[in-house]
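Values quoted throughout were computed directly from the atomic coordinates according to the rules given, and no laboratory measurement underlies them. Note that the coordinates shown come from a computational prediction; the quantities given were computed from them, not determined experimentally. Virtual Cβ from ideal backbone geometry, glycine too; neighbours counted across all protein chains shown.
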Amino acid sequence: MKPFLISLSLAILAGCSSSPANYSVTNAKVIEQGQASFYADKYHGRLTANGEKFDQHAMTAAHKQLPFNSKVKVTNTANNRSVVVRVNDRGPFIRGRIIDLSKHAFAKLAEPNLGVINVTIEVID
């Protein structure tokens, strides 16, 4: 009975996991395409999911699944500008968006008044 319960528990846990969408793996690097946005000013100074204070002037980002402290290259597909950011938060939680950037990082890719841009992301570390 005990082996059955263990097997059943593992099957239930496996069924609850989700696989990442829009990912492709090439040379151990994850590439994802979608939209990027930036944090509203009201979040400056608030705690991020990893416990540090959010800084609009830092080169940081939120991603739903990448490990904290991952270094990610974000490229604006419209103008080919790129930045490297460090993941320190979770999100974004708006359909179609794959990464939330600090305002400083977003401004290096595009004018902040655009609000949302199309990007590719690549894990570099």
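Tabulated results
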read-out	value
Theoretical gain in end-to-end length, Leu114 to Lys42 [0.36 nm per residue, Cα-Cα removed]	24.1 nm
Cβ-based net charge around Ile117, under 10 Å, with every Lys or Arg adding one and every Asp or Glu removing one	0
Relative contact order (%) - the range 20-123, alpha-carbon pairs under 8 angstrom, separation at least six	38
Ratio Rg/Rh [Cα only; Rh per Kirkwood] for the range 31-83	0.96
DSSP bridge orientation in the range 20-123 - percent antiparallel, rounded to nearest 5	75
Listed residue pairs exceeding 20 Å between alpha carbons, taken from Lys64/Lys108; Lys29/Lys64; Lys29/Lys103; Lys29/Lys53; Lys42/Lys103; Lys73/Lys103	Lys64/Lys108; Lys29/Lys103; Lys29/Lys53
Charge dipole (debye, nearest 20) of the range 20-123; +1 at Cβ of Lys and Arg, -1 at Cβ of Asp and Glu	80
Label point distance in nm, Arg90-Lys64, each placed 7 Å from Cα along Cα→Cβ	1.2
Interchain or long-range residues, amide H under 5 Å from Gly34's placed H	Val119
